[in-house]
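Down below is the structure, laid out as structure tokens.
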Amino acid sequence: MCRFADGKDSQRGAAAIELVLVFFPLIVLLFGIIEFSRVYSLQLRLQQAAREGAREIALHYDDPGWLPTDADAVIDGLLGAVVSGPNFTRTIVLCGTPTDDVTVTLRDQMDLAVPLPGSGLDAINVAARAQMPCEG
């Protein structure tokens, strides 16, 4: 055991090393949980907006006063300002006949708040798809 000149044990250095060995993995784990939560939240919002947009189209596709832009308004209202970036895309396949299905696909790319250095992972692609039978 190493002792200082005044006779105290030198445990401070070992405690600092232990702190570093435990602290950094915990910080990485914490940021990983935060990033996962952000991506999962975006996934849930995209899925809900795709489902509601498909529902809107399926219910009103043959109404004379209804336009496909009304479904866009429903989707935009559900998403709000969550997805407004240049990577957001929507694909809507409309009903042709009452036996067809309507399909709404939404895609976005979320930039990570804490990118992993050296991994090349600085953004995650998120997509949601909903399909409903046309009822009219």
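Where a number appears in this text, it was derived from the coordinates with a stated rule and is not lab data. In this text the structure is predicted, and so the values were computed from the model without any measurement. No Cβ is skipped: glycine too gets one built from the backbone with ideal geometry, and neighbour counts run over all protein chains shown.
A DSSP coil position with no more than 16 other Cβ atoms inside 10 Å describes the following chymotrypsin sites (Phe, Trp or Tyr not before Pro) in region 24-82: W66. The string of couplings for region 23-40 from the Karplus curve (6.51, -1.76, 1.60, θ = phi - 60°) is 5, 5, x, 5, 5, 4, 4, 4, 5, x, 5, 5, 5, 4, 4, 5, 5, 5 Hz, one whole number per residue in order, with x for Gly and Pro.
A cut-off under 11 angstrom between Cβ atoms defines the neighbours of V74, and their net charge, with Lys, Arg +1 and Asp, Glu -1, is -3.
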